[in-house]
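No value in this document is a laboratory result; all are computed from the given coordinates. Predicted model, so just to flag it, every value in this text is computed and none were measured. With ideal geometry, Cβ positions are generated from the backbone for all residues, glycine too; neighbour counts draw on all protein chains shown.
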Amino acid sequence: MLQECAIRLIQSPYASPVVVTRKNNGLPPDSPEAYRFAIDYRKLNAITKYPRYPLLVIDDLITNIPHTGVMSTLDLKSGYFQLAISPKDIEKTAFITRNGTFVFLGMPFGLSGAAPNIQKAIDIILKPVIGYFVMVYMDDVIITCPSFNEHIDHLNQVFTLLRDAGLTLNKEKYHFARDKLKYLGHIISKEGIETDNSKGKAITEMKPPKNSKEVSKFLGMVGWYQKFIPYYADICESLYRLKKKGAKFNWSTEAQDAFDKIKRALTEAPVLQLPNFKE
């Protein structure tokens, strides 16, 4: 990051700690790519004030995407870092390492105002096309159109708006002119929406939780797809009880049955056909 001019050395009264977490990518422990570098900004976030801005509800966004014709998805390259930080606030992003104290020159992930700020920025930049043929969730953009030729024109409009704003796309993550693609953890096509098999597999391969923290992790993952699971709340009731503050962790037969039912339901998840609001 130092070579890419994303950070620089500084003397600062602020110094958040670095945290390194293991990625779920199957790489061996001795591989640098097996880990994620992050900053623990909890103390900074506790004293930070920032303008509130609404984030879209993902289910609402996906429901309103036209699911016929041609679709493309775009992703900003290190989208958060492309947003500049006010010079007077740069020192507040400081993090401390054995090699010195550094600051970010672009907005880092982990700040309490990062998500709403990037959503607001992209909404402003793409305002001329959002709601017509573009939908946006933070830095994830989807463009849809009934015809290929018109879709090309729409892509050019989006590229022009992003270029004029000085934003760069991630060439590894864009998908052009598809009739079926992945967006926000779902597979979208003219048939409707369905679960992403890679995420579903990660859930179905999970072992039974050994503590309440692991229960919370499981419920957080399956909650993403609860609309695909009939009677989800009823099935998960025994699991949610294990999350209650002060509750003694007891992995009962009832909890195991619920755990198995949810995983089985994901393997049988239907394709959800969405309403046509024009009819």
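Odds and ends about this structure:
- Within the range 231-271, tally of residues that are of a type in the set (A, V, I, L, M, F, W, C) and in contact (Cβ under 8 Å) with a residue 60 or more places away in the chain: 3
- Yes/no for Phe159 being in contact with a helix residue (DSSP H, G or I) (Cβ under 9 Å, 6 or more places away or on another chain), at negative phi and not aliphatic (A, V, I, L, M): no
- Taken together, the residues in the range 19-62 that are part of a loop (DSSP other than H, G, I, E, B) and surrounded by 12 or more Cβ atoms within 10 Å (Cβ to Cβ) amount to 8.
- Selection count, the range 224-243, where residues are within 24 Å of Ile187 (Cα to Cα) and loosely packed, with under 13 Cβ neighbours inside 10 Å: 3
- Of the helices (runs of 4 or more DSSP H) that lie entirely inside the range 160-279, those containing 3 or more residues that are within 18 Å of the chain's Cα centre (by Cα) span 197-204, 212-223.
- Those residues of the range 63-99 which are in a helix (DSSP H, G or I) and either touching a residue at least 24 places away in the same chain (Cβ under 8 Å) or buried (at least 16 other Cβ atoms within 10 Å of the Cβ) (or both), in sequence order: Thr63, Gly79, Tyr80, Phe81, Gln82, Ile90, Glu91, Lys92, Thr93
- Taken together, Ala121, Ala115 contain a single residue that is among the small types (Gly, Ala, Ser) and surrounded by fewer than 19 Cβ atoms within 10 Å (Cβ to Cβ), which is Ala115.
- So Asp123, is it closer than 18 Å to Leu76 by Cβ, in a helix (DSSP H, G or I), of a type outside the set (Val, Ile, Thr) and out of contact with any Gly (no Cβ under 7 Å at 6 or more places or on another chain): yes
- Criterion violated by Tyr132 - all others in (1) buried (at least 18 other Cβ atoms within 10 Å of the Cβ); (2) in contact with a His (Cβ under 9 Å, 6 or more places away or on another chain); (3) not basic (Lys, Arg) satisfied: (1)
- Within the set Thr144, Thr195, Thr168, the sole residue that is exposed (fewer than 15 other Cβ atoms within 10 Å of the Cβ) and among the β-branched types (Val, Ile, Thr) turns out to be Thr168.
- The single condition from (1) under 24 Å from Leu274 (Cβ atoms); (2) touching a helix residue (DSSP H, G or I) at 6+ places or on another chain (Cβ under 8 Å) that Pro128 fails is (1).
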